[in-house]
Structure formats: structure tokens, C-alpha cells
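Take a look at the structure set out below.
Derivation of every value follows stated rules applied to the coordinates shown; laboratory data play no part. Since the structure is predicted, the reported quantities are computational estimates derived from the model, not experimental observations. Cβ coordinates were reconstructed from backbone atoms using ideal geometry, including for glycine residues, and neighbour counts include every protein chain displayed.
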Amino acid sequence: MLKHIAVSEVELGMFVHKFEGGWFDHPFWKAKFLIDDHDKLTAIRDSRLRSVVIDTSKGRDTAAPAKAAQPAQVTQPGQPAHARIRSIKQRTAAQLSAIQPVSMAQEVNAAATIAEQAKDKLGKTFIAARLGKALDVSKVEPVVSDILASVRRNPQAFSGLMRCKLKNEQIFRHALSVSALMVALADRMKLPAQDIHNCGLAGLLLDIGVNYLPQAADPPGGSYRNLEERVWQSHVLLGHRALKNDEGLPQLVLDACLLHHERMDGRGYPHKLAADQIPLVARMAAICDSFEFLLNGTDSIPGVDPATAIQSMRAQTGAFDEDILNLFVETVGLYPVGAFVELRSGKLAMVIDEDPKDPQRPVVQAFYSLEQRERVLPHRIALAQAGATEGIVGSADLRGLDLPDAAALRELVFLSAYRNTARA
């Protein structure tokens with residue numbers, strides 16, 4: 001039986017069926033769940049919801065006596081629960097102000113903080129999966145809100161940071177990067193607010209099934225993709241099954257996890273779906289996941305430059321939805337943050353920011369002179385303001401030059417551009 005009650009009447013043991021209020025009025029992602037701890041109860045009572053609809057067939061009624069349980073413990077300031085509730089309030093405030101754009105330099109520090117906190121939440125979830133425990137997706141849901149807020153403030157900062165920092169472990173960097181790319185792409189496609197959030201959560205959980213593979217703790221060659229093909233491909237089925245057991249997850253998230261390795265030509269897996277048979281979110285996820293994989297590569301397949309990754313994906317006939325891929329390129333730029341480029345002046349540079357008014361002429365950090373065959377003092381060039389004499393000739397060829405490997409160089413150049421802000 002469904003019943004409307006005031007927020008002040010909400011108690012432990014009740015089953016929330018629906019929130020009466022706007023999307024930003026509460027910090028929860030799922031609308032249907034059991035209030036089984038004081039964190040959830042406090043968050044609901046502290047929210048701006050008008051009322052709540054409870055399902056008395058699945059939980060306590062307002063008139064029902066309290067079930068036998070441990071007495072409520074008062075949470076003192078400074079305890080973890082108190083800190084979590086405080087962070088929920090801060091996230092809500094951040095979401096409300098997220099529409100205010102800021103510069104790349106201003107957002108990099110916030111993105112670094114978000115990434116560090118997110119790694120902790122994701123780590124606990126992945127470890128639980130490896131131990132065979134039931135997933136509690138609610139633990140990582142706040143990560144999506146934080147990433148969305150960052151992307152809304154600056155579309156390039158979070159993804160750019162993930163692309164240029166070696167310090168972030170690959171498994172977490174991949175999940176966070178794909179989540180940020182999914183959010184940015186969904187935003188570009190003008191999807192509804194709830195779908196944008198769901199896309200972000202889908203990005204975080206795309207490869208959760210990897211944790212259930214037999215050799216997940218120690219993959220050969222450092223990559224799960226080096227497992228036997230049949231074993232590797234089972235990760236989508238295992239992840240989908242685990243997520244499906246977390247009651248209440250949106251179908252959009254489940255579809256992305258299960259079907260992000262399908263191809264438009266029907267040659268993907270696990271079901272060999274084609275074209276419109278593949279849900280929109282899975283077609284989006286295929287692009288974001290593949291782009292991120294191409295950047296990092298494996299022990300046997302070296303990662304490539306972001307601009308090269310874009311070219312490679314466009315060359316894969318039949319793999320991706322071309323319309324969505326075009327929107328993705330508009331989202332990250334033809335030369336994404338982290339791409340090494342050659343300039344007309346004979347300098348080599350790395351893209352460090354976009355120019356929203358002129359996407360073809362981003363902001364770069366020059367670091368090498370091809371004419372002098374030596375490094376130069378890193379300096380910023382806003383190509384849109386540099387006049388017709390300066391511009392991008394194409395992707396840079398770093399082979400044979402006295403430079404660090406591409407990944408280390410990318411981090412060094414990024415740090416030279418944002419030395420006082422980046423600290424992930």
C-alpha cells in the first residue's frame with residue numbers, strides 16, 4: 001500500500017517508493033529503497049523534499065511499532081556518518097551552482113579532489129565485488145554528482161586531468177574517465193537531467209564485471225583483455241548479473257553494462273545486436289569506453305595520443321554510431337586535452353584547454369622546437385588569439401626526439417601548465 005507522509009514522519013525501516021520534489025531536492029539517486037541506516041534517514045530529513053511516498057507492503061507504516069533493532073545511536077560531529085551527511089549537503093550546493101562556468105585552471109584543483117575521493121569509494125565497491133559480496137551501488141552514486149558538477153563547471157578539466165596524471169591507478173582512472181566522458185556526451189546530446197546522471201553511473205560501472213573474472217586480481221600482462229577471449233567477454237554478463245541484483249537500478253545502467261561491446265554492424269558481443277537494436281546508452285558507452293581504452297592501451301598494445309584515438313575510431317567502419325561519434329568529437333574536441341600537436345612555427349605543443357568559441361584552435365602549451373631540436377621553456381599559446389601565422393599542422397610525431405615517453409611527458413607538460421592547481 002502506498003502512502004504519502006511528511007518528511008518529518010519518515011522513520012527507519014520504511015520503504016521509500018517515491019520522492020515528492022525536484023531532482024536537486026535530495027542527494028539520492030535511486031527513488032526506491034529501504035531506509036536501513038541513520039545516514040539515509042538524516043539525509044531525507046535534511047533535504048528540501050515536500051513529502052515522501054512510502055510502500056507499507058515493503059517496510060514500516062507510520063503507525064507500525066518499531067521493529068526490534070539496535071537503539072538509535074546519536075551521531076557526534078566528527079564521526080564518519082556526520083562527515084558523509086555534511087558532504088551530501090555540500091554536493092547539493094555544488095550541483096545548484098554547477099551551471100556557472102569556470103576556467104580550466106580554476107577547476108583542475110576541484111577535479112583532483114573529486115578524483116581522490118572517488119577512488120576511495122570505487123575501491124571499496126570493487127573490493128566487495130572481488131570478495132563476492134553483494135553490490136551496494138548507493139556507495140558510489142555520490143561520485144556521479146561530483147563529476148557532473150565538475151563537467152558542468154568546465155567540460156574539459158576532469159577528463160583532461162585523468163588523461164594527464166600517471167598517479168591514478170588504471171582501473172580507477174578508466175572508470176572515472178568513462179563516467180566523465182559519458183556525462184559530457186549526454187549533456188552535449190541534451191538528454192534529460194536524470195538520464196545524464198544515469199549515464200555517469202553507467203560509466204563508473206561499465207566494467208564492474210571484471211572483478212568477477214577468475215584472474216581479476218592478477219591479469220596476465222597487466223590487462224584483463226589478455227585473458228582468454230571467452231573469459232574476457234563474460235565480464236559483461238557477470239557485471240550485468242551483479243548490477244541486476246542491486247534492486248532498483250535504472251534499466252539504462254544495466255543496458256550500458258551488458259551491451260557496451262556491441263557493434264553497429266552486429267559483430268560485437270554478447271548478443272551480436274546491430275544498429276537500432278543497441279540501446280542509445282550502449283552506443284554512447286561503446287564510444288566513451290573505446291576512446292579511453294585507446295588512450296591507455298595495454299602492455300602489448302601501446303596507448304595512443306587522444307587525437308590519434310579519434311582518427312582510429314573514425315576509421316573503424318561499422319563499429320560505432322556515426323552520429324553519436326560526431327557529437328563525441330564535438331564534446332572532447334578534434335584535438336582533445338592531452339593531444340600532442342605540431343604548430344606552424346615548428347614547435348611541438350600539447351593541448352591544455354579548449355576554446356569554446358573556436359574548437360579548432362585550442363589553448364596549447366609549447367615545449368619543444370623542431371628547428372633547434374631541443375626543449376624550450378614551456379609557454380602557453382591561445383591559438384585563437386595568436387593570429388593566422390600560428391596554428392595546428394597536425395598530430396606531433398615524438399619518435400626520435402630527446403623527450404620522455406608520451407605518458408610521462410603528458411604529465412610533465414600538464415603540470416607545467418597547472419603547476420599551482422593540479423595535485424591529484
**Fill in**
With x for Gly and Pro, the residue-by-residue ³J(HN,Hα) of the range 113-123, computed from phi through the Karplus equation 6.51 cos²θ - 1.76 cosθ + 1.60 at θ = phi - 60° and given in whole Hz, is 5, 4, 4, 5, 5, 5, 4, 5, 5, 5, x
**Prompt:** Could you give the distance between the Cα centres of the range 368-421 and the range 229-298, to the whole Å?
**Reply:** 36 Å
**Request:** Would you work out which of Leu343, Val304, Ala285 lies farthest towards the positive end of the dipole of the range 277-345, given +1 charges on the beta-carbon of Lys and Arg and -1 on that of Asp and Glu, about the Cα centre?
**Result:** Leu343
**Fill in**
Cα-Cα pairs in the range 97-332 separated by more than 30 Å, as a whole percent of all pairs, come to 18 percent
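Sort the following peptides by mean Cβ neighbour count (other Cβ atoms within 10 Å, averaged over residues), highest first: 381-388, 174-181, 135-142, 283-290.
Result, highest mean first: 174-181, 283-290, 135-142, 381-388.
Run the numbers on the range 340-417 and let me know its relative contact order in percent, using alpha-carbon pairs under 8 Å that are six or more apart.
Working: 134 pairs, mean separation 24.7, N = 78.
Relative contact order here is 32 percent.
What is the local net charge at Glu374, summed over the other residues whose Cβ is closer than 12 Å to its Cβ (Lys, Arg +1; Asp, Glu -1)? All intermediate terms of the calculation are to be shown ahead of the outcome.
Details: positive: Lys347, Arg373, Arg375; negative: Glu371, Asp402.
Net of charged neighbours comes to +1.
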**Complete:** Too long for a 21 Å Cα-Cα cut-off, among Lys139/Lys244; Lys3/Lys133; Lys124/Lys244; Lys124/Lys190; Lys32/Lys272, are Lys3/Lys133; Lys124/Lys190; Lys32/Lys272
**Item:** Loop-resident sites, the range 346-387, for trypsin sites (Lys or Arg not before Pro), counting at most 15 other Cβ within 10 Å (DSSP)
**Value:** Lys357, Arg373
**Message:** Please compute, for the alpha-carbon atoms of the range 340-417, the extent along each of the three principal axes and give them in descending order in Å.
**Reply:** 34, 24, 20
**Message:** Loop-only GluC sites (Glu not before Pro) in the range 294-375, please: DSSP not H, G, I, E or B, and at most 11 other Cβ atoms within 10 Å.
**Reply:** Glu371
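What ratio of Cα Rg to 2.2 N^0.38 Å holds for the range 133-199?
Details: Rg = 12.3 Å, N = 67, 2.2 N^0.38 = 10.9 Å.
Relative to the 2.2 N^0.38 Å estimate, the range 133-199 comes out at 1.13.
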